[in-house]
Amino acid sequence: MMNKKIYERPVLRKVVEGIPNKFGSLKRLRPIEFIDNVSINSLIDKYGSPVFVLSEKTIRETYRSAYRAFSTRYPKVQFAWSYKTNYLDAVCRIFHQEGSWAEVVSGFEYEKALDNGISGNKIIFNGPDKSKKDLIRAIKNNSLIHIDHFDELYTIIELSKELEETPQVAIRINMDTGIIPQWDRFGFNYENGEAWNAVNRILSTGKIELIGLHTHIGTYISTSKAYEIAIRKLAELANKTYERFQTSIEYIDIGGGFASQNTLQGAYLPATDTTPSFDDYAHAITTAMIAEKFPNNIAPTLILETGRALIDDAGWLAGTVLANKRLADGNRAMVIDTGVNLMFTAFWYDHEIYPVKETSFQSEPTTIYGPLCMNIDVIRKKIDFPLLNKGDRFVIKRVGAYTMTQWMQFITYRPNIVLIDENEEVHLIRKEEDKEVFRRQELIPDHLKND
């Protein structure tokens, strides 16, 4: 007995045979059936829909590619994994096995780094919100504290008088590198003299050791030239510090901000065609480091905190179509079981979404909505997409960065997360939520309890 074919309504479309789209590629959307040779259908069948999938092979290969790009160009390179990008313990431990330190921005992340076996002197503590308790722990653990503002500096000065340990610090510096908008919220400004003022106050105490200078010029930096400007200014400050205090800066932390290959909304060309490679970033940064003259001609260690570019490609989100409908303008809408509560990055990325099985060659403008009762729950707007029916499955590429840390428990439970290891074995690394997760945290006053 022959299987009945799915009916597709007739649609009048202008067809131009043999002509690619404006990006030079054909419009037909090829399905993605496997991640690291593991069937996506099998993952959904076992772990539910939706499900996040991480590729250990991709994480390790991407890290090694980035490290090689820098270490072959500069003698002293150290990566520090950005916990806020993806702080799943399994992910962090992969980066730590590869040699990366931990870069954290809260007491919560600091605790996770310790629990993941990272010694205090390999934890970089960033961020504007470090409590006194956090600072005491970091000082006692000999961690690298990156001071964000004068109020934090004053607290550290007080603690330096009370504790036996000498705080090991750097200052975070914001500056004009030509990037718009300029990130001046974090750290001390270079141009108005705040950074130099902070250096003077630190070294005048005689109780705090200034060992590094740090900047993070922005996010999704698509031009490597800006890093050259940042390094020149940091080198000038390092030399000025040595001239006055005879203190040499041990490391320059250039932060992160490297772009992934996710395309920003509104971009004319896809990021796969425009994003600098690790070699591009490394060439600009290391050339600038080598060209600058540091005190005593001693090259400081170069620290990098890149997160997004190291993990985005390793993440996938697989799910199921819930429904199709027509909007008021006649365009098709598709509802899927993945919303912006799980895909916060959909607000600024044009995420690539693919069917899991072969579909019709016919496509039409389709807006893809999540399941939330919110009008803003839009994963993609009016993209050419083939017809997927209720129950069909899809997969979204490059969701490794920020989705699993910025996600929200809103309307739906957060799903399972699995890791495919280098032997193509699947491991559950974060369990899906259920009502007991919330019952454990909530308290009911006696007068509201059921009799």
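The values are calculated or read from the model by the stated rules, or taken from the named source; none is laboratory data. Only a predicted model underlies this, so the values are computations on that prediction, with no experimental measurement involved. A quick note on method: Cβ atoms are made from the backbone with ideal geometry, for glycine too, and the neighbour counts reach across all protein chains shown.
Let's see how each residue does on (1) assigned to a helix (DSSP H, G or I); (2) under 29 Å from Ala284 (Cβ atoms); (3) in the same structural domain as Ala238 (by TED's automatic domain parsing):
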site	(1), (2), (3)
His146	no, yes, yes
Thr155	yes, no, yes
Glu158	yes, no, yes
Glu165	no, no, yes
Pro181	no, yes, yes
Ala198	yes, yes, yes
Ile202	yes, no, yes
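Which ones in region 294-316 are among the hydrophobic types (A, V, I, L, M, F, W, C), under 18 Å from Ile254 (Cα atoms) and in a helix (DSSP H, G or I)? Talk me through it step by step, then tell me what you get.
The initial filter retains those residues of region 294-316 that are among the hydrophobic types (A, V, I, L, M, F, W, C), namely 294, 298-299, 302-304, 309-311, 314, 316.
Remaining after also requiring under 18 Å from Ile254 (Cα atoms): 294, 298-299, 302-304, 309-310.
Scanning region 294-316 gives Ala309, Leu310.
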Exercise. Somewhere in region 89-111, is a residue surrounded by 24 or more Cβ atoms within 10 Å (Cβ to Cβ), of a type in the set (Gly, Ala, Ser) and touching a helix residue (DSSP H, G or I) at 6+ places or on another chain (Cβ under 6 Å)?
Worked result: yes
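Confirm whether Glu98 is more than 30 Å from Gly391 (Cα to Cα) and over 15 Å from the mean Cα position of the chain (by Cα). Spell out how you get there, then give the answer.
Details: more than 30 Å from Gly391 (Cα to Cα): yes; over 15 Å from the mean Cα position of the chain (by Cα): yes.
Answer is yes for this residue.
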Seminar exercise, completed: Flagged pairs (Cβ under 7 angstrom, 6 or more apart or on separate chains; first in region 380-399, more than 16 Å from Thr367 (Cα to Cα) and assigned by TED's automatic domain parsing to the domain that holds Gly266; second modelled with pLDDT under 95 and surrounded by fewer than 16 Cβ atoms within 10 Å (Cβ to Cβ)) are none
Exercise. If Lys357 satisfies every condition in (1) assigned to a loop (DSSP other than H, G, I, E, B); (2) surrounded by 21 or more Cβ atoms within 10 Å (Cβ to Cβ) but one, which is the exception?
Worked result: (2)
Seminar exercise, completed: Taking region 32-48 and the residues there that are part of a loop (DSSP other than H, G, I, E, B) and surrounded by 12 or more Cβ atoms within 10 Å (Cβ to Cβ), the one that is nearest to the chain's Cα centre (by Cα) would be Asp36
Exercise. In the list Leu317, Leu302, which residue meets the criterion of being at pLDDT 95 or above, in the same structural domain as Pro386 (by TED's automatic domain parsing) and of a type in the set (A, V, I, L, M)?
Worked result: Leu317
Seminar exercise, completed: Within region 426-447, residues being without any contact (Cβ under 8 Å) to a residue 40 or more places away in the chain, surrounded by 11 or more Cβ atoms within 10 Å (Cβ to Cβ) and farther than 16 Å from Thr338 by Cβ number 3
Exercise. Considering region 363-394 alone, what residues qualify as being assigned to a loop (DSSP other than H, G, I, E, B), surrounded by 15 or more Cβ atoms within 10 Å (Cβ to Cβ) and touching a Leu at 6+ places or on another chain (Cβ under 9 Å)?
Worked result: Gly370, Pro371
Seminar exercise, completed: All conditions in (1) exposed (fewer than 13 other Cβ atoms within 10 Å of the Cβ); (2) on the phi < 0 side of the Ramachandran plot; (3) in a helix (DSSP H, G or I) are true of Ala288 except (1)
